[in-house]
Amino acid sequence: MTSPSSDPADLIADALARLRGRGASRAHEGHGHEGHGGPHGRGGAMHGHSGPHGAGPWGRHGGWGGPGMRDFPARLRMLEALAAASAPLGVSDLAEAIGVDQPRASRLVQQGVENGWVRREADPDDARRTRIVLTDDGRRMLGGVRGQRRDRLDKALAALDEDERAELARLLGKLADNWE
């Protein structure tokens, strides 16, 4: 999953993305510590995209400060896992990919369906199972969040000179490669 780019900003963004779904964010999951201000520490529009029914960019279940805000990091990991998957995922596979139990994954999928970010489809190999597919709205939502993350990263990296950015990229890459 490493970016082929040699631009330190791209390498740093890649390392941060690889670290994002691992360890720390999952350690607190289910304990009410998620979503301390969301991925950017505060609210705001997401490149003008609104969810279905005028729900705002983060959907019906918890815009910034809404009742489901604590689930936002897990929802984002769900969208990222679906975008990265080579084929649609079952709920159990999705749960494993984002580090939650199966009932929580089912709730996240239901919220994703209600927000129009994912849809369920029948598994052609097993009629008892469904697979989860990222929708165009889900891709737009994910793209907007990624764009905001990259904008914030670029602003933060402006404080570092070229050598410092290269060293940070090297160290973060090494950390991501060795994170268990």
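Numbers at a glance
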| quantity | calculated |
| --- | --- |
| Protection proxy ranking, peptides 87-96, 168-177, 154-163, average beta carbon neighbours within 10 Å, highest first | 87-96, 168-177, 154-163 |
| Alpha-carbon spread of the range 121-171, three principal axes, descending order, Å | 56, 23, 10 |
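Quick note: the coordinates plus some simple rules give every number you see, no bench work behind them. Only a predicted model underlies this, so the values are computations on that prediction, with no experimental measurement involved. Don't worry about glycine lacking a Cβ; one is built from the backbone with ideal geometry, like all the others, and counts go over all protein chains shown.
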